[in-house]
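One structure is given below, encoded as structure tokens.
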Number of protein chains: 4
Amino acid sequence: MEKDRVQAFSDGVIAILITIMILELKVPRGVDLAALRPLVPALFTYVLSFVFLGIYWNNHHHLLHATERVNGGILWANLHLLFWLSLIPFTTGWMGENHFAPLPTAVYGVVLLLAGLAYQLLQSAIVAHQGAESRLREAVGKDVKGKISVGSYVLAIPLAFASCWISLALYVFVALLWLVPDRRIESKWRE
Amino acid sequence: MEKDRVQAFSDGVIAILITIMILELKVPRGVDLAALRPLVPALFTYVLSFVFLGIYWNNHHHLLHATERVNGGILWANLHLLFWLSLIPFTTGWMGENHFAPLPTAVYGVVLLLAGLAYQLLQSAIVAHQGAESRLREAVGKDVKGKISVGSYVLAIPLAFASCWISLALYVFVALLWLVPDRRIESKWRE
Amino acid sequence: MEKDRVQAFSDGVIAILITIMILELKVPRGVDLAALRPLVPALFTYVLSFVFLGIYWNNHHHLLHATERVNGGILWANLHLLFWLSLIPFTTGWMGENHFAPLPTAVYGVVLLLAGLAYQLLQSAIVAHQGAESRLREAVGKDVKGKISVGSYVLAIPLAFASCWISLALYVFVALLWLVPDRRIESKWRE
Amino acid sequence: MEKDRVQAFSDGVIAILITIMILELKVPRGVDLAALRPLVPALFTYVLSFVFLGIYWNNHHHLLHATERVNGGILWANLHLLFWLSLIPFTTGWMGENHFAPLPTAVYGVVLLLAGLAYQLLQSAIVAHQGAESRLREAVGKDVKGKISVGSYVLAIPLAFASCWISLALYVFVALLWLVPDRRIESKWRE
């Protein structure tokens, strides 16, 4: 099984997800600034989810780049990741439209957490398939970033019921963690 | 006619179908657990349809992999398959929103049945085009899985009017049949 | 400018159009056969438009296959074609939801007519770019099918105000004209 | 990092954006010409945005054609551009449905302006990555067209509150600036 079609299919799904989210941003009825104001949280959530999907696309790209061949297990691990990513437009819409109410903010984190775990599952499936001399295992290292992300989600989910701002801060922190391209930090964390 | 563009087009359509289904999952008005509860059947249906489309994408991949060239007949057999697959988001929405009412549950099975038959038609068109020494005919064998699937749909459709749970169990059974990667069973069934 | 990306972009747009049409098929509220009945004209229109877009994808494939290189003019002629095709989901929804009322049925034909003319414009742009020894000019020949199609649309548009069935019969006739794979007829018409 | 997947992903996103805009064109209830009349501004806006996205796709194509390799910075500059482009269906819907009310018309320009600046940022990131002997820097030259576009948007945004027609005229002017294929003018402006 060649990896090309897996890559093309994943690219397609992520490209569609990143763009259909915008359909949740309903065109307002009014034509003044007051009509735009209720959209601010929705727009902020959209930006956040756009960045998350961008990070996943980027990392997915690197992951498959380090992969030579795929088997049935990897294929389904990949579809499993795409499944959780496909729920992001839904949780984005729910959290954004309800101005960061506790439950939607927690559920947003649950989907991010499950997507994060699905990504690690996919990573493990590829490492296992590559066997003892896996190039990928070396590149991934201890995967400190991945672990910090999962830990942040686990914290953010219950904290959403205390204060949505803490949860949002944690989501933004995870996004920045992957965005900031400081390679020294990155290589340190990967040791 | 090269098969590349047929593959790319089919990938595109399936990737879009698998993601627009999520648009049927309407963002709820409320922000408590009670607001999520009516979504449970819709979410379950979404998962089921996601898996079915994933299976079709996977099998379609293998099918075209064993194909060297395509003609006009194969092209239209492929579009015919994509047509029935394109109705899955509609039946998914109808069945999920109506909590597995008899008719939507039966119609869900009708579309799966017609997609299944369209797949076998495509398969036959490719085998016929490859002629006497078709690599694909050998690989497909007696296609026991395909026949069990069609039989299950034929059973599930009328049974939806007796009990939707029997029909759903049959749909889940077919999905598992294709998902479970037990290769010994698979090779046996293909004899 | 390579033609690969033009092909990929066009494939993407047509694949999306063919699938978003299904979003116009609104999930009905009821769960009995009576709930499905008003959908019949919408479903019929969907099938018709699916076939038309399938034909365009197919012909577009052949057209670009016979093209070596593209220039700015061809690129915009291609986007012009995609523009008219992009209106098909709109006219499909309007005609289908209104059970073939005169104006929507006529407008459906207007968009098909303009898409047809856009296709011939694209064809001419490619022939002109290829110069005197154009492979494509020979393949296209007198383009009898194209002319019959345009003529049928021109007839169908005003006739929609007399009887929608005549217009629909003409649309179906054009679709069959391109679908039926009788190569002897095809080669005759191309002489 | 190969540029192929960046290209494919961008093509996918732009193809989706150009087609989901049509979903904002709501199927009218009525079946007479009066039902179509309120759609005229929406349709005009759709055409304008279709042309803008077509221009971006075209220019993006040329930009990446002149690029050999991409790094993390270029990748995110590209996603940043796609982000602003992804807001075009929203502003298109808002301006079109409100018949060019001042604020929506200004916001339409704001998004075009930010997309334009994002494009120049991407351009600069690629030039910087290519170093002293950048092929692209030469091709871009003084980028007079880009500067005129940005200037036109900066004018159009406040003027929307005086008269929407001036702003619209400026948007159309920018679109024509990039559409008209007069190469002598183009090469002059690039000096």
Item checked: Using alpha-carbon coordinates, inclination of helix C:164-179 to the longest axis of chain C, degrees -> 40 degrees
Margin query: Rounded to the nearest 10 Å², what accessible area does C:ASP4 have for a 1.4 Å probe in the complete protein model?
Written below: 100 Å²
Notebook entry, point to check: Mind checking which lysines have their C-alpha under 24 Å from A:LYS147, skipping anything on the same chain fewer than 8 residues away?
Noted result: A:LYS188
Next item on the list: Working from Cα positions, state the angle (0 to 90°, nearest 10) between the long axis of helix A:102-130 and the longest principal axis of chain A.
Entry: 10 degrees
Next item on the list: Once every Cα of chain C carries one equal point scatterer and solvent is ignored, give the base-10 log of I(q)/I(0) from the Debye formula at q = 0.18 Å⁻¹, two decimals.
Entry: -1.22
Margin query: With angles folded into 0 to 90 degrees, how steeply does helix A:3-20 sit against the dominant principal axis of chain A? Use alpha carbons for both and round to 10.
Written below: 10 degrees
Next item on the list: Normalising by the residue count of chain B, find the relative contact order in percent from Cα pairs under 8 Å and 6+ residues apart.
Entry: 24 percent
Check: Percent of accessible area on the range B:12-153 owned by carbon and sulfur, 1.4 Å probe?
Finding: 65 percent
Checklist line | Copies compared at A:ASN59 - label distances in nm, ascending, label defined 7 Å from Cα in the Cβ direction | finding: 3.3, 3.3, 4.7
Notebook entry, point to check: Could you give P(r) for the range C:14-72, binned at 5 Å from zero, as whole percent values over all Cα-Cα pairs?
Noted result: 4, 15, 19, 16, 13, 11, 8, 5, 4, 3, 2
Check: What is the Cα convex hull volume of the protein assembly as shown when expressed per residue in Å³?
Finding: 178 Å³
Next item on the list: With label points built 7 Å along Cα→Cβ from the Cα atoms of C:HIS65 and B:HIS65, find their separation and express it in nm.
Entry: 2.5 nm
Checklist line | Estimated FRET transfer efficiency (B:VAL110, C:VAL154; beta-carbon r; R0 56 Å; 0.05) | finding: 0.90
Note to self: As a test of understanding, state the convex hull volume per residue of the range C:67-170 from its alpha carbons, in Å³.
What the structure shows: 90 Å³
Note to self: 7 Å along Cα→Cβ for the label point: how many nanometres lie between D:LYS147 and each equivalent label in the other copies, listed shortest first?
What the structure shows: 5.4, 5.4, 7.6
Notebook entry, point to check: Using modelled amide H (1.01 Å from N, peptide plane; none on Pro or chain starts), what sits under 5 Å from the amide H of A:VAL70, excluding residues fewer than 5 places away?
Noted result: A:LYS3
Checklist line | Residue among A:THR105, A:THR67, A:THR45 with the largest mean-square fluctuation in a Gaussian network model of chain A, springs linking Cα atoms under 10 Å | finding: A:THR67
Notebook entry, point to check: Excluding same-chain residues fewer than 8 positions from B:LYS26, which lysines have a Cα within less than 25 Å of its Cα?
Noted result: A:LYS26, C:LYS26, D:LYS26
Check: Pick from D:VAL150, D:VAL40, D:VAL127: which is most flexible by mean-square fluctuation in a GNM of chain D where alpha carbon atoms under 10 Å apart are linked?
Finding: D:VAL40
Notebook entry, point to check: Which of A:VAL180, A:VAL154, A:VAL107 moves the most in a Gaussian network model of chain A with Cα springs under 10 Å?
Noted result: A:VAL180
Checklist line | Cβ-placed point charges (K, R +1; D, E -1), dipole of the range D:1-131 about Cα centre in debye, nearest 20 | finding: 120 debye
Checklist line | Semi-axis lengths, Å, the range A:89-148, gyration tensor of Cα atoms, sqrt of 5 times eigenvalues | finding: 34, 11, 7
Checklist line | Copy-to-copy label separations for A:PHE173, where each label sits 7 Å from Cα toward Cβ, in nm and ascending | finding: 5.0, 5.0, 7.1
Notebook entry, point to check: So what's the gap between the Cα centers of the range B:85-99 and the range D:55-83, to the nearest angstrom?
Noted result: 38 Å
Checklist line | Å² per residue, accessible surface of the range D:46-113 at 1.4 Å | finding: 24 Å²
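The values are calculated or read from the model by the stated rules, or taken from the named source; none is laboratory data. Bear in mind that the values here come from a model prediction, so they are computed numbers and not experimental data. All Cβ positions, even for glycine, are placed from backbone atoms using ideal geometry, and neighbour counts span all protein chains on display. Surface areas here come from the heavy atoms of the whole protein model, side chains and all, with no ligands, DNA or RNA. Shrake-Rupley method; radii C 1.70, N 1.55, O 1.52, S 1.80 Å.
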